[in-house]
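The values are calculated or read from the model by the stated rules, or taken from the named source; none is laboratory data. The model shown is predicted, which means the values in this text are computed figures rather than measured ones. Backbone-built Cβ (ideal geometry, glycine too); neighbour counts: all protein chains shown. Accessible surface areas use protein heavy atoms only, side chains included; no ligands, DNA or RNA. Shrake-Rupley method; radii C 1.70, N 1.55, O 1.52, S 1.80 Å.
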Amino acid sequence: MGEQAVKNIEKPVRVYRVLMEPEQAGKVIGRKTEKQTKWGWKAACVAAVLVFVVAGLVWSFYWRAPKIEPASKERWPFPCPTNPLSLSFPS
């Protein structure tokens, strides 16, 4: 007989009618209800895409190593020796 509103119950309750006559065996009466669409898998896909986008942005801005430029020889505090034997070590 379809879904019926029942007192003190939030969701509608599906109601059935039993046909007792033998000639009506297997017969279905009442209106057909529309099948509800399931949004569960669509919501999970959207959530997964959002997680990947946010993770990519976080990695891009915070966890990626900064670009390092080599130091110029002019900015070194001491000159670089050309011969390793010319270094003087205290004995």
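Is it true that some residue in the stretch 37-44 is modelled with pLDDT under 80, under 30 Å from GLU3 (Cα atoms), open to solvent by less than 100 Å² (accessible area, probe 1.4 Å) and not in a helix (DSSP H, G or I)? Yes, the stretch 37-44 has at least one match. I want to confirm something. Restricting to the stretch 1-16 and keeping residues that are of a type in the set (Lys, Arg) and in a loop (DSSP other than H, G, I, E, B), which single residue is surrounded by the fewest Cβ atoms within 10 Å (Cβ to Cβ)? Only one residue tops the list, namely LYS7.
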